[in-house]
Each structure stands twice: as structure tokens, then as C-alpha cells.
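> Questions regarding the structure given below will be posed in turn.
The values are calculated or read from the model by the stated rules, or taken from the named source; none is laboratory data. Treat the numbers as computed from the prediction; the structure is a model and nothing was measured. Every residue, glycine among them, receives a Cβ derived from its backbone with ideal geometry; neighbour counts consider all protein chains shown.
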Amino acid sequence: MSIVLENVTYTYMPDTPYQREALRNISLTIAPGEFLGVIGHTGSGKSTLVQHLNGLLLPTSGTVSVDGMNLRDKSTDSKRVRQRVGMVFQYPEHQLFEETIFDDVAFGPRNLGLSADEVAQRVESAMERVALPPSEFATRSPFRLSGGQMRRVAIAGVIALQPEYLVLDEPSAGLDPRGRDEIFEQILQLYHSTGMAVILVTHNMEDVARLAKRLLVMNRGRIEFDGTPAALFHDSALPLHDFGISLPYMTELLRFLQTRGMTLDDTLLTADAVAAAIQSELTDKRASSC
């Protein structure tokens, strides 16, 4: 099963002087288990798009279905949909409100009517998955944590619902470099350990190029590109700058080194792969000069 959007258009404040079409005839399928990055300039429709994935917004026209459930159908259980598609908004720590981290993470599972034992098991598992060991953090106040730790509490509260799809809208917004690295490392570990699909909205090209297997480029409410990071940053003829997209630093570095005579593959996107390629070429050049 999948999340399927068919000819989705969404208009803010229709039939008013402020009417604005935020999505225009979007058709898209998101399969279970994939890691999808959504990028584009501010106002391109990224956040509006992902808010359609669990019914927070319903299309003005077109259909959205989650594992066969049409979100416009009045018989569809919205709680069931949002259990399958978990959403983490920008600055999710603003939504923390309980006295302890355990209670904050437990809020969603308790609302599902689960037993106390099942709630405890889910909370402890979720906290472990975001590197907040329950023995150390369960009884602490979420408001006495660093910004990155607070964000991990908010993510734990969503994954305690055991969603099949995890939507993250700018999860690193406002964090310092260390906090950003921690968040993305936890997201990557979650992806590999749980098998859930991840839909990541971000402006950070370095992280999305390294993490995502598939990228969507949004522009003026439309999907301008749908493919792999390597295809976008290496082969695509899209005017990336016009869409508010910069090349990842690794791609820029490789292309600079190419101008200096190194024959490097500029589709490499991770620091480890780039470092290995540079080391290999330097070793080959030293061997050939002997």
C-alpha cells in the first residue's frame, strides 16, 4: 500500500481577495519504506503538500489516499490515518506540555486507549530510538533539555504511535550545527531500524543529498523534478538557483577539483565517499610518478 495523490489542487482562502493556489494538479505516490526529500524555495508548496499526507489539509480538488483510505471520504477514520502517517512540525518542542518526558511521549499512545503496559513499552522503545535512555530521561522535565534534545522528545512522541510514514517538516530549523547533526543522525537510524518511510522537508542540501533516496523539487505549487539526488545535482538541466536550491558542498568541491585536473566522480554526495575518492586518486598519481 502507499500514499497516493491524484490531481491534487489546494487553494487558500478561496473566493476572497486573498485567494492563493498553493498546489496545482499534483500527482504523486509515496511507497512504504522509502526516504523522500522535499525541497524548494520558501512558498513553493512544500509544507502544504505534506500537510495533505495525513489529512491536516484536504484538497480543493483531487484525491489523497493512505493505504487505500480516501481522506475525503467521511467514513475514513482520521485517527487511524494519523496513526499511520506521523507528522513532526517545525519547532515541535513548542508542543511539549507535560511535566515529564515520559508523560509527553506517552500522550499519543494513551489517547489510543492502549493498556498501561503497552504504553510504557512504546514510550521506552521510542525514547531509546531517539537516544534518550528512559532510565536517565523518563522523569526529567522536557523543558530542562537542550533544543536538540527537546526536538528528539517531540519525535519520540510521534514514533511511539508506530507510524508507517514519518513526515518531518524542517526538523533542524533553529538548531545549532551540533543539534542539527544529532537530529539527522537520529532520523537516519530510525529509518534503518524501523523500516518506516520518511518524508523530509528541508532547505539543507547537504543533509537531504546525503540522506534521501528520492527528491521532489517544488516550485509554485508544482513538482518540477522527481528523481534521485545524483540525477538532480549531476544530470538535471533545471535552473536550480531559480528554485532556491544550491548545490551540495561536496558537489561543488568535486567540480572545483575537476578544474584542477582531478578525474573525480561528481555524483558522490557523502564526505566519506568523497574523501575515499580523493585519497584513491592521489595514491594512483603517486604510484604512476614513481
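> What number of residues within the range 18-46 satisfy the criterion of being over 15 Å from the mean Cα position of the chain (by Cα) and surrounded by fewer than 18 Cβ atoms within 10 Å (Cβ to Cβ)?
Of the residues in the range 18-46, 11 are over 15 Å from the mean Cα position of the chain (by Cα) and surrounded by fewer than 18 Cβ atoms within 10 Å (Cβ to Cβ).
> Oh, and also: Under 6 Å by Cβ, and 6 or more places apart or on different chains, what pairs join a residue from the range 43-69 that is assigned by TED's automatic domain parsing to the domain that holds A197 with one that is assigned to a loop (DSSP other than H, G, I, E, B) and basic (K, R)?
Short answer, once both residue conditions are applied: L58/R72.
> OK, next. Does at least one position in the range 47-61 carry a residue that is in a strand (DSSP E or B) and surrounded by 20 or more Cβ atoms within 10 Å (Cβ to Cβ)?
No, the conditions are met nowhere in the range 47-61.
> Quick one: is D15 in the same structural domain as M196 (by TED's automatic domain parsing), in contact with a Pro (Cβ under 9 Å, 6 or more places away or on another chain) and farther than 19 Å from V201 by Cβ?
Answer is no for this residue.
> Also: Out of the helices (runs of 4 or more DSSP H) lying entirely within the range 74-141, which hold 3 or more residues that are within 22 Å of G55 (Cβ to Cβ)?
Those helices (runs of 4 or more DSSP H) span 78-84, 101-111.
> Also, quick follow-up: If you scan the range 247-263, which residues turn out to be more than 18 Å from the chain's Cα centre (by Cα) and either of a type outside the set (A, V, I, L, M) or part of a loop (DSSP other than H, G, I, E, B) (or both)?
L247, Y249, T251, E252, R255, F256, Q258, T259, R260, G261, M262, T263
> With the condition being among the acidic types (D, E) and modelled with pLDDT of 90 or more, I'd like the strands (runs of 3 or more DSSP E) fully within the range 161-231 carrying at least 2 qualifying residues.
Counting at least 2 such residues, we get 222-227.
> Name the single residue that is farthest from the chain's Cα centre (by Cα) among those in the range 76-86 being of a type outside the set (V, I, T) and modelled with pLDDT of 90 or more.
Per the stated criteria, the residue is R84.
> Here's another thing I want to ask about it. In the range 205-233, what count of residues is obtained for those that are surrounded by fewer than 19 Cβ atoms within 10 Å (Cβ to Cβ), over 14 Å from T270 (Cα atoms) and out of contact with any strand residue (DSSP E or B) (no Cβ under 6 Å at 6 or more places or on another chain)?
Matching residues across the range 205-233 total 4.
> Right, next: Tell me, please, whether a residue that is farther than 15 Å from S44 by Cα and under 14 Å from the mean Cα position of the chain (by Cα) can be found in the range 213-229.
Yes, some residue in the range 213-229 is farther than 15 Å from S44 by Cα and under 14 Å from the mean Cα position of the chain (by Cα).
> When the range 75-94 is examined, which residues are found to be surrounded by fewer than 18 Cβ atoms within 10 Å (Cβ to Cβ), without any contact (Cβ under 8 Å) to a residue 40 or more places away in the chain and not hydroxyl-bearing (S, T, Y)?
D77, K79, R80, H94
> Name the single residue, out of those in the range 152-185 being basic (K, R) and over 23 Å from T100 (Cα atoms), that is surrounded by the fewest Cβ atoms within 10 Å (Cβ to Cβ).
At the first step, the residues of the range 152-185 found to be basic (K, R) are 152, 178, 180.
From the residues that got through so far, the ones that are over 23 Å from T100 (Cα atoms) too are 178, 180.
Working: R178: 11, R180: 21.
That would be R178.
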